[in-house]
Amino acid sequence: MEDTVTEAVRKQYEAYSYPPPIEDAEKFLRKWGPLTCDPKFAGIQLWPEGRPRQDLRILCAGCGSSQAPLIALNNPDCSVLGIDLSETSLAHSNRLRDRHGLANLELRQMSLLDVGELNRSFDLIICTGVLHHLPNPDAGLKALAEVLDPSGSMAIMLYGKTGRAGVYLLQDILRRLGAGQNAEGLAMARELLKFVPSHHYLISTTGKLPNDLAEDAGIVDMLLHPQDRAYSVPEIMEFVETAGLIFFGWSDNALYCADRFLSGEMLERVLALPAAEQWAVIDNLTVLNSRHDFFVRKPHNMRFLTRFDTDDFLSYVPLVRSGVRLAGDVNSLILTRASLEGEVVTPISKSDALLLEQADGKKSIAQILSHSLSTGGEPEQRTNFARAVFERMWRSGHLLFGRSNS
Ligand SMILES: C[S@@+](CC[C@H](N)C(=O)[O-])C[C@H]1O[C@@H](n2cnc3c(N)ncnc32)[C@H](O)[C@@H]1O
């Protein structure tokens, strides 16, 4: 029996399927590349120790109109189950399944709260943009945790509190005006948007209205949603812990990277805090994050958490994230790449660059150091130099880390 909030959420996504359906999944992947939660893209972020198996069993929980077919198409060796409340979104997904002949994709209309009834377990669970719409998100994450294989990984996206402050102010106005999810409510929302001043939180970080507000379904999803909450960084940590899971890292550290937004004494102060505190500070300071994309796992995988405060980091296998470019000249080198909210630019020294050149996704840091002629000095000095460089590159998200089993 559906509760009234879940019924309202289902009805919304049946009337206003979101994200907007796509016609051709192949064209979409060619244009945009894989989704950031795709195991082909997020590989070592999900399993630094290597995939548990090639034929991953993947669950897209709250798959919407296209996510499950996109994952199935890009991962033909894997089986993908997409579940969603919305018949309309599933129908769009089904059309893509037929169009691309995706025999590895199964779709079911059901709540993710009931996923345990399937008596199946999954190596990868993707749940992006869904749990924050549940009346009880904790119950949702727990239901998913129960069907996650012990060596499995989960990719989650939750709304961010700081970047969505303006959204909630507008939602509040529209609620007071009695705007419903219908043509009249949409017209009211469009009319209201004309009066939003440029200094409003909805606009101030990017200088323009969010792209989603161009379409009816986007307006409904953002401004007329019956059930929607957002998270601060500490709330995410608590959310994950309450479900008995381990926070395993952000999809892109650059959005939480103290070095990008601070300098001098303030940077030193913030870097002295534990990592999760640093991320909370930067999220509060930049107010950039309207979404948080991150990975979680079961506690027994804790030994794979990235950390640099012990010499364990020497066994990490660094890999340069795709899209990172080395630019500048010998006197001022920079690493640069595009992120969700703009270019990430990190100045580096020539000795940093020589070390990073060897980050090929095959050699461990210990192997890099034993081969490297560039970092002279005593072994302890070399280790500490490498620790500082690799940690800084991890903080900026330019490097990802696998684990060597040797
Ligand atoms: C914003 S869309 C996100 C779709 C997809 N995950 C993506 O990132 O493209 C949210 C989806 O979650 C679904 N949903 C909401 N609550 C759900 C629940 N309890 N069980 C299953 N699906 C749910 C909605 O029907 C909707 O299709």
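Quick notes
- Computed helical MRE - 222 nm, the chain, DSSP H runs ≥ 4 contributing -39500 (n - 2.57), nearest 500: -11000 deg cm²/dmol
- Remark: the stretch 12-24, residue by residue, has Karplus-estimated 3J(HN,Hα) of 4, 6, 7, 7, 10, 4, 9, x, x, x, 10, 7, 9 Hz, where x stands for each Gly or Pro and the curve is 6.51 cos²θ - 1.76 cosθ + 1.60 at θ = phi - 60°.
- Distant-in-sequence amide H partners of Tyr231 (H built 1.01 Å from N, under 5 Å): Tyr159, Gly160, Lys161
- Between the stretch 192-229 and the stretch 329-348, the alpha-carbon center distance in angstrom: 30
- Reported to the nearest whole Å, the Cα centre-to-centre distance from the stretch 1-47 to the stretch 238-254 is 20.
- Within a Gaussian network of the chain (alpha carbon springs, distance under 10 Å), most fluctuating of Glu184, Glu238, Glu277: Glu184
- Shape of the stretch 1-142, Cα gyration tensor, a/c cut at 1.5: oblate
- Stretch gain in nm, segment Glu191-Leu169, where the contour uses 0.36 nm per residue and the Cα spacing is subtracted: 6.4 nm
- Using the Stokes-Einstein relation with a Kirkwood hydrodynamic radius computed over Cα pairs, the translational diffusion coefficient of the stretch 165-223 at 37 °C and a viscosity of 0.692 mPa s comes to 287 µm²/s.
- Spatially proximal lysines relative to Lys350 (Cα-Cα < 28 Å; intrachain offsets below 8 disregarded): Lys362, Lys363
- Simple spin-label estimate for Ser322 and Thr36 in nanometres, 7 Å along Cα-Cβ: 1.4
- Dipole in debye (nearest 20) - the chain, about Cα centre, beta carbon charges: Lys, Arg +1; Asp, Glu -1: 680
- In this view, the solvent-accessible surface of His200, computed with a 1.4 Å probe and all protein chains in place, comes to about 40 Å².
- Ranking Thr36, Thr162, Thr206 by solvent-accessible area of protein heavy atoms (1.4 Å probe, all protein chains present), from largest to smallest, gives Thr206, Thr36, Thr162.
- Estimated FRET transfer efficiency when R0 is 41 angstrom, pair Ser315-Leu118 (beta carbons, to 0.05): 0.65
- In terms of overall dimensions, the chain has a Cα radius of gyration and Dmax of 22.2, 72 angstrom.
- Ligands, DNA and RNA left out, the accessible area of the chain computed with a 1.4 Å probe is 53% carbon and sulfur.
- For the pair Leu273 and Ser370, a Förster radius of 30 Å applied to the C-beta separation gives a FRET efficiency near 0.35, rounded to the nearest 0.05.
- Convex hull volume of the C-alpha atoms in the stretch 321-365, normalised per residue: 78 Å³.
- Per-residue Karplus couplings for the stretch 350-363, computed as 6.51 cos²θ - 1.76 cosθ + 1.60 with θ equal to phi - 60°, are listed in order as 5, 5, 4, 4, 5, 5, 5, 4, 8, 6, 10, x, 10, 7 Hz, Gly and Pro entered as x.
- Label positions at Lys27 and Glu380, each projected 7 Å from the Cα along the C-beta direction, are separated by 6.3 nm.
- If the chain linking Ser198 and Glu341 were pulled fully straight, counting 0.36 nm for each residue of separation and taking away their Cα-Cα distance, it would gain 49.6 nm.
- Relative contact order (%) - criterion: Cα under 8 Å, at least six apart; region: the stretch 311-403: 38
- Per-residue HN-Hα couplings for the stretch 215-227 [Karplus 6.51, -1.76, 1.60; θ = phi - 60°; Hz; x = Gly/Pro]: 10, 3, 4, x, 5, 4, 4, 8, 10, 10, 6, x, 8
- Lysines with Cα under 26 Å of Lys27, excluding same-chain neighbours fewer than 8 positions away: Lys40
- Cysteines (scope the chain) whose Cβ has no counterpart Cys Cβ under 4.7 Å: Cys37, Cys78, Cys127, Cys257
- With the gyration tensor restricted to C-alpha atoms of the stretch 311-403, the semi-axes of the equivalent ellipsoid amount to 22, 16, 11 Å, longest first.
- The solvent-accessible area of His199, taken with every protein chain present and a 1.4 Å probe, is close to 140 Å².
- Folded to 0 to 90 degrees: helix 137-146 orientation relative to the chain principal axis, Cα: 60
The values are calculated or read from the model by the stated rules, or taken from the named source; none is laboratory data. No experiment lies behind these values; they were computed from the predicted model shown. Note that each Cβ is placed from the backbone with ideal geometry, even for glycine, and that neighbours are counted across all protein chains shown. Note: accessible area is taken over every heavy atom of the protein model, side chains too, but ligands, DNA and RNA are not part of it. Shrake-Rupley method; radii C 1.70, N 1.55, O 1.52, S 1.80 Å.
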